[in-house]
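Worksheet for the structure shown next.
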Amino acid sequence: MFERTILAFGSESGNAERLAQKTSAQLQQQSIHVNCEALDNLNLAELATEDLLLVITSTFGDGAPPGNARAFAEQLSATQTVSPFQYAVFGLGDVGYPKFCQFAKTVDASLAEKGARRLVNRVDADLNYQQFFSCWEHCIADILTGRRIDGLNLDLKVTAYSKHCPYLATVNSVEKVRNSSDDVYNVNLSIRNSGMNYRAGDLFYILPNDDPKLYSELSHWFGQDVSPLAGKELRTMSKSLLRSLATASGNKVLKEKLKIKNKAALAEYLYGRDLLDVLKDCDKPGFISVDSLANLLPSRSARAYLVASCGATEGGTGESINLCIRDIAYEAFSRSHSGAASHSLCKAQSGDQVKIFMRSNPDFWIDIKSAAPVLMIGEGTGIAPYIGFLQALENASEQRQTMLIFGETSQDRDFLYQSQLAKWLEKGVLNTLKTGFSTDSEQHYIQHALLDAASDVYQMLNKHAHIYICGSKVNLDKPVDQALTTIIQKHEMCSESEANERLQHIYNDARIYKILY
């Protein structure tokens, strides 16, 4: 069918090159000869009408070609026309960049403009590219082996939603997970037809709306309209903003707290306070104008939440997401306060709409094809990604050893997803569940729960378990490392330094993954 098949890759981190080599090897097994090379080694003038050019390329930074495709980019730009050969482009990108998959888009458009014929529609894939690549790879193989496939019907493109271009998701349901002191809710959002391709462990960002109550209070304090503050960040405050407020008001107490030596005192002061609290502490209205304040404030930040469900690549539908959200609402400093996004999400009704976008989290995901044991350690709403992991493992063809260590405040009020975890235990999807509740009579913390399972944990470490840690940095980072060190030290009868060295090897082998906040 084709005189030659050339598979050219543009790769910065090695992903595109690995995929190209994998595809080349699989096509060779089907007796299809493939020339696999870097884009920079490709000479467009040598391509004939009977050739097929397959391009797998990433994008570097904000739209630039990757390292081994820069010369090719210059060649393509300088070339006026090419032979009418057929081609297909697979783009790898990160939706976190404004010019998502831009180089792949440039190559695709330029080849068509200069006379080449598009055989398969360009694919724009994000960091969760596996499902898209599998579809594209099969499509190419079918065409090359003579099956009647119309590659121009293939439509695989991730939409690069962002803070400036969010997706409008619809609330399906809001259900309380447990009756905790700070209520926790499972918020299910529909993302059907969004084109978002997520995995368990990925991050979804919510763009909060203006809080009418807070704006009303600010308007009352200023004694005038505060519309210039719309869309501004009113809950988290930078040091530069605080310095400006301290200078404008002459507030010596705040100036003192801003000194480097008083970092802890400043953090303690800011805990629970929003902008209005600080304004009230600084001085009476009038020390700063609304317009001056608006110029000092950044745009409101999106709030990040870990997805508590698995995506289509892991056996889920991919049409909705679950977010595990703690409702932040409290009384402090003679006022009612609430989270910028959490409170409105937890009080949302079915049918309400929410502005969202997602970011892949390549450092915190589960490979459902691996046989390695899985040790999951989470505190509070840090259990969220593990709910997605366990859903994915339930859908997997083979079972593997799994353990969840979960910590919270009280077993009676704060055992999140308890009934669902019990079902997974019964099915064998989850083999072991250990808990630590800090305010119960025994004051059992998460590191104690780890030590309770010391023998099983040690066996999992020796089987090259993948270890995931998610939750409070203060409560989990050093305490969990210390518990793991203690377990290694006890079972290997070695010194603490030797146990620490063994733990470091596990880190170096990329078998420990953390999300700490």
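The values are calculated or read from the model by the stated rules, or taken from the named source; none is laboratory data. No experiment lies behind these values; they were computed from the predicted model shown. When we count neighbours, we look across all protein chains shown, and the Cβ atoms used for this are built from the backbone with ideal geometry, even at glycine. Quick note on the areas: whole protein, heavy atoms, side chains included, nothing else; ligands and nucleic acids left out. Shrake-Rupley method; radii C 1.70, N 1.55, O 1.52, S 1.80 Å.
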Q) Does residue 403 satisfy being part of a strand (DSSP E or B) and under 21 Å from the mean Cα position of the chain (by Cα)? A) no
Q) Is at least one residue of the range 170-180 open to solvent by less than 40 Å² (accessible area, probe 1.4 Å) and assigned to a loop (DSSP other than H, G, I, E, B)? A) yes
Q) residue 109: surrounded by fewer than 16 Cβ atoms within 10 Å (Cβ to Cβ), of a type in the set (A, V, I, L, M) and free of Cβ contacts under 8 Å to residues at least 24 places away in the same chain, yes or no? A) yes
**Q.** Residues within the range 35-63 that are farther than 10 Å from residue 8 by Cα and either crowded, with 16+ Cβ neighbours inside 10 Å or β-branched (Val, Ile, Thr) (or both), tallied
**A.** 9
Q) Do we have any residue at all in the range 412-432 that's touching a helix residue (DSSP H, G or I) at 6+ places or on another chain (Cβ under 8 Å), part of a strand (DSSP E or B) and open to solvent by less than 40 Å² (accessible area, probe 1.4 Å)? A) yes
Q: Say whether the condition of being among the hydroxyl-bearing types (Ser, Thr, Tyr), part of a helix (DSSP H, G or I) and open to solvent by 40 Å² or more (accessible area, probe 1.4 Å) is met by at least one residue in the range 132-139.
A: yes
**Q.** Subset tally (residues that are within 16 Å of residue 127 (Cα to Cα) and either of a type in the set (Asp, Glu) or touching a His at 6+ places or on another chain (Cβ under 9 Å) (or both)) for the range 94-116
**A.** 2
Q) Only one of (1) modelled with pLDDT of 95 or more; (2) open to solvent by less than 30 Å² (accessible area, probe 1.4 Å) is not met by residue 303, so which one is it? A) (2)
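For the subset of the range 446-472 comprising residues that are part of a helix (DSSP H, G or I) and polar (S, T, N, Q), which member is surrounded by the most Cβ atoms within 10 Å (Cβ to Cβ)?
Only one residue tops the list, namely 447.
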Q: Being at pLDDT below 95 and in contact with a helix residue (DSSP H, G or I) (Cβ under 8 Å, 6 or more places away or on another chain) is the filter; apply it to the range 12-26 and report the residue that is surrounded by the most Cβ atoms within 10 Å (Cβ to Cβ).
A: 12
(Q) Residues to consider are 332, 312, 308, 348; find the one that is touching a residue at least 60 places away in the same chain (Cβ under 8 Å), out of contact with any Leu (no Cβ under 7 Å at 6 or more places or on another chain) and within 18 Å of residue 176 (Cβ to Cβ). (A) 348
Q.
Testing residue 330 on (1) assigned to a loop (DSSP other than H, G, I, E, B); (2) open to solvent by 20 Å² or more (accessible area, probe 1.4 Å), one condition comes back false. Which one is that?
A. (1)
Q.
Please count how many residues of the range 18-56 are touching a residue at least 40 places away in the same chain (Cβ under 8 Å), within 27 Å of the chain's Cα centre (by Cα) and part of a helix (DSSP H, G or I).
A. 1
